Amino acid sequence: MEQEKIGRFIQDLRKEKNMTQKDLADQLGVTDRAVSKWENGRGMPDVSLMKPLCDILGISVSELLSGERI
């Protein structure tokens, strides 16, 4: 699992949906700083947030963990 690759993937998908970090954070009930940490590869979303995050971004958990569309 490459955190930086996954972070870039999250960021790219978020931008495709014209969302700010704050928009995504608000939908997930986290801070925009948490989203920033994920996107910069300095952390990963909590396991409990992975499915909701994937639903918002329109991907599967497998795609999230691989950092690319499958």
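Quick notes on this structure:
- Each residue of the stretch 58-70 was assigned a 3J(HN,Hα) from its phi angle through the Karplus curve 6.51 cos²θ - 1.76 cosθ + 1.60 (θ = phi - 60°); the sequence is x, 10, 8, 4, 4, 5, 4, 6, 8, x, 7, 6, 10 Hz, with glycine and proline shown as x.
- Using the 1.4 Å probe convention, the accessible area of the chain works out to 60 Å² per residue with neighbouring protein chains retained.
- In sequence order, calculated HN-Hα J values of the stretch 10-25 (Karplus, 6.51, -1.76, 1.60; Hz; x Gly/Pro): 4, 4, 4, 5, 4, 5, 4, 8, 6, 10, 8, 4, 5, 4, 5, 4
- Accessible surface of the chain, 1.4 Å probe, proportion on carbon and sulfur as whole %: 45 percent
- Using a simple spin-label model with pseudo-atoms 7 Å out from Cα toward Cβ, Lys51 and Glu2 lie 2.9 nm apart.
- Directionally averaged projected area (the chain, Cα convex hull): 3.8 nm².
- Model label points for Lys15 and Arg69, set 7 angstrom from Cα along the Cα-to-Cβ axis, are 1.6 nm apart.
The values are calculated or read from the model by the stated rules, or taken from the named source; none is laboratory data. What you see is a predicted model; the values in this text were computed from it and never measured. Positions of Cβ are backbone-derived with ideal geometry, glycine not excepted, and every protein chain shown enters the neighbour counts. Just the protein is used for accessible areas: all its heavy atoms, side chains included, with ligands, DNA and RNA removed. Shrake-Rupley method; radii C 1.70, N 1.55, O 1.52, S 1.80 Å.
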